[in-house]
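Comments concern the structure below.
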Amino acid sequence: MRFEASVLLLMLACSKTPEPTPVVRATSTPVNAIPGHESLREDTTHKEGPRLMVAETYMRSYLAIFGGLSPLDSQAALVGAGATRDNNLFDRWADYLAALGMPDYKSDIDRSAQTNALMVAAFERTGIALCDRAVENDLRGSRPVDQRIVFAFEGGPEVASDTAFATRFDIVHRTFLGYPAELAPTTNRTSKFYNLYKQAKANQTAPDAGRFRLTADEAAWAAVCYALIRHPEFHFY
């Protein structure tokens, strides 16, 4: 029995699970830390060009920016109560769906497979109509700031200084592009838009300027709105 017990202990000792070998993980080394690669530049540029999203995404953005209306309510607002053949800005969404790249199954029209010039022009046309109606609704009369949709700043459309413009422009910039104007990747964005504002106003007050349903200051803010709703940061990702 004593011999058998010794044999059993020996067998247990031999069958003992060995200690696991520690895993040695490779550490990452920056390229410029490798001898001879100190001056090698790292390419961090985008390898794809800017792309457009599906048309429904822009439609939701338009409807959200301009008050969160339903498509039919926004259609009525875009047409306007006093719209005539001469001042009509918009017709019906159904007239623009195919141009915007959306499918029209009643007419057996498939979704547009790629961006084209007609699609870009249709988005631009819709944005211009929205901007003009926003100017009329927000900047005319004495509508309170909390009831304004796009131009949600104190006061009317008149701007007396670059500081006053910068404060108001930052609000509109945040509405369209989602961040403060001072954080723009391009330099002097606010001053460039202020120059656009002044130029648009000067065009409206020129002696040879034609009749326009917006005042000079309203037209200047409409031009700012046009530029933001056409901005690449709004359309591309």
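Residues that are modelled with pLDDT under 85 and of a type in the set (Gly, Ala, Ser) were ranked within region 195-211; the one that is surrounded by the fewest Cβ atoms within 10 Å (Cβ to Cβ) is GLY210. For beta carbons closer than 9 Å, sequence separation of 6+ or different chains, a first residue in region 78-100 that is within 19 Å of GLY68 (Cα to Cα) and of a type outside the set (Lys, Arg) and a second that is surrounded by fewer than 17 Cβ atoms within 10 Å (Cβ to Cβ) and modelled with pLDDT under 75, the qualifying pairs are VAL79/ASN88; GLY80/ASN87; GLY80/ASN88; PHE90/ALA83.
The condition (being surrounded by 12 or more Cβ atoms within 10 Å (Cβ to Cβ) and over 21 Å from ALA200 (Cβ atoms)) is satisfied by just one residue among ARG133, ARG143: ARG143. Just to confirm my filter: which helices (runs of 4 or more DSSP H) fall fully inside region 50-158 and include at least 3 residues that are of a type in the set (Val, Ile, Thr)? Fully inside region 50-158 and qualifying: 117-139.
Under the condition of being farther than 20 Å from GLY127 by Cα and surrounded by fewer than 17 Cβ atoms within 10 Å (Cβ to Cβ), which residue from region 157-178 is modelled with the lowest pLDDT? The qualifying residue modelled with the lowest pLDDT is ALA160.
The values are calculated or read from the model by the stated rules, or taken from the named source; none is laboratory data. This is a predicted model, so every value here is computed, not measured. For neighbour counting, all protein chains shown are included, and Cβ atoms are generated from backbone atoms with ideal geometry for every residue, glycine included.
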